[in-house]
Amino acid sequence: MTSSARAAWKAAGGARKKARPPAPATAVGIVFHVEPRALSAEDVAAYEDSFLSSLWPQPLRYLVTQAIPGRPFPRPAGTISLGERSQVLREVLIHPDLWQVSLATSKATVGGYAQLSVCTRPSIDSEDLRTYGRRPLDLSAPGESDGWVKGMLELADRVGAYHGVVPVMSDPGVLIDISGVNVIADGVPQHPAPAQLERMVSVDRELVTRYVRFPRWGTLLSHAHVQALGGRARIEDAVHPAVVEEVGRGFYFQLTTTLATAMAQDAQRQQLAFTELAAPLLPPTRSART
């Protein structure tokens, strides 16, 4: 496991050796990528707004940071008060010794757990800046989660994201999909498509540049990747997404208008069509790499 992958899973409160059985809960997540750069004041403001947003099921208060190898941790993991969140975030998001900042609803990954993690500078395993988050999803009343997705896409737009996905699946599956860290419980992979995960992990440093992530309910493709697949019109003709809009430095394609239908059979067929269309840009299989 790469150091960034270990950090991602640690920030989410998990551990490969102590994997819990899959939870029945459904979740929605997001992961998007930004080209490496020093965070500007506008970037910091955008991330701060998202950390403090009222769109989370509960306030994000449990702080975990990841230090550059060999550097000290300027602040230990722990719960911070609501009143100090803004000041702490402004400090850690630009701290020269840190490369990742995470806030979650709690230390334990139970009871409506939600999180947002932001890479503030490149790590030893990845040259781009990745942001990922997740929250629980009640498919019978998805309104709050629909609003959360919209808010996260606004963040992606503000910071100039160029690639990413919005997965909807079991909570363990979402965490694995956005973090890239596989989990096996009782011999059973917790990601619904382990072969896809293996292919994405195998090209980690080229993922989102040479290759793209497997399409999900929501998929953000860079302008270059859209053109490589034949253009926006070709994607729309093949996939029939309900939502197409410019986000950041690319186009965002969403299969249905609401999360209430994200796991319906029609949406699954659309996702399969998108996957088939994107095949030339997807990571190769193990046999194709050897």
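Where a number appears in this text, it was derived from the coordinates with a stated rule and is not lab data. Everything numeric in this text was worked out from a predicted model, so none of it was measured. FYI the Cβ positions are ideal-geometry reconstructions off the backbone, even for glycines, and counts take in every protein chain you see.
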Reduced Cα scattering model of the chain, Debye log10 I(q)/I(0), q = 0.11, 0.13, 0.17 Å⁻¹:
-0.60, -0.86, -1.57
Name the long-range amide H neighbours of T256: under 5 Å, sequence gap of 5 or more, or other chain; modelled H, no Pro or chain starts.
A242
Sequence order, the range 169-183: Karplus ³J(HN,Hα) from phi using 6.51 cos²θ - 1.76 cosθ + 1.60, θ = phi - 60°, Hz rounded, Gly and Pro as x, gives 6, 4, 4, x, x, 4, 4, 5, 5, 7, 9, x, 9, 6, 9
Which net charge results when you count Lys and Arg as +1 and Asp and Glu as -1 among the other residues whose beta-carbon is under 14 Å from that of G151?
-2
Grab the Cα-Cα distance for Q227 and D186, subtract it from 0.36 nm times how many residues apart they are, and report the gain in nm with one decimal.
10.5 nm
MRE, 222 nm, helices only [DSSP H, n ≥ 4, -39500 (n - 2.57), over the chain, to nearest 500]
-9000 deg cm²/dmol
Amide H contacts under 5 Å for L98, placed H, 5+ residues apart
I68
Once phi is turned into ³J(HN,Hα) by the Karplus curve 6.51 cos²θ - 1.76 cosθ + 1.60 with θ = phi - 60°, what whole-Hz value does each residue of the range 273-281 show in order, with x for glycine and proline?
4, 5, 4, 5, 5, 7, 3, x, 10
So the FRET efficiency between E42 and M263, C-beta based with R0 = 35 Å and rounded to 0.05, is 0.45
Summing +1 per Lys or Arg and -1 per Asp or Glu among the other residues with Cβ less than 11 Å from P136's Cβ gives -1
Efficiency of FRET between A67 and R234 - r from beta-carbon atoms, R0 41 angstrom, step 0.05
0.35
Potential extension, E35-V203 segment - 0.36 nm per residue separation minus Cα distance
58.7 nm
Could you run the Debye sum over the Cα atoms of the range 160-284, one equal point scatterer each and no solvent, and tell me log10 of I(q)/I(0) at q = 0.11 Å⁻¹, two decimals?
-0.35
Within-14-Å neighbourhood charge of R85 [Cβ basis; K, R +1; D, E -1]:
-1
So which trypsin sites (Lys or Arg not before Pro) in the range 154-262 end up in coil per DSSP with only 13 or fewer other C-beta atoms within 10 Å?
R210
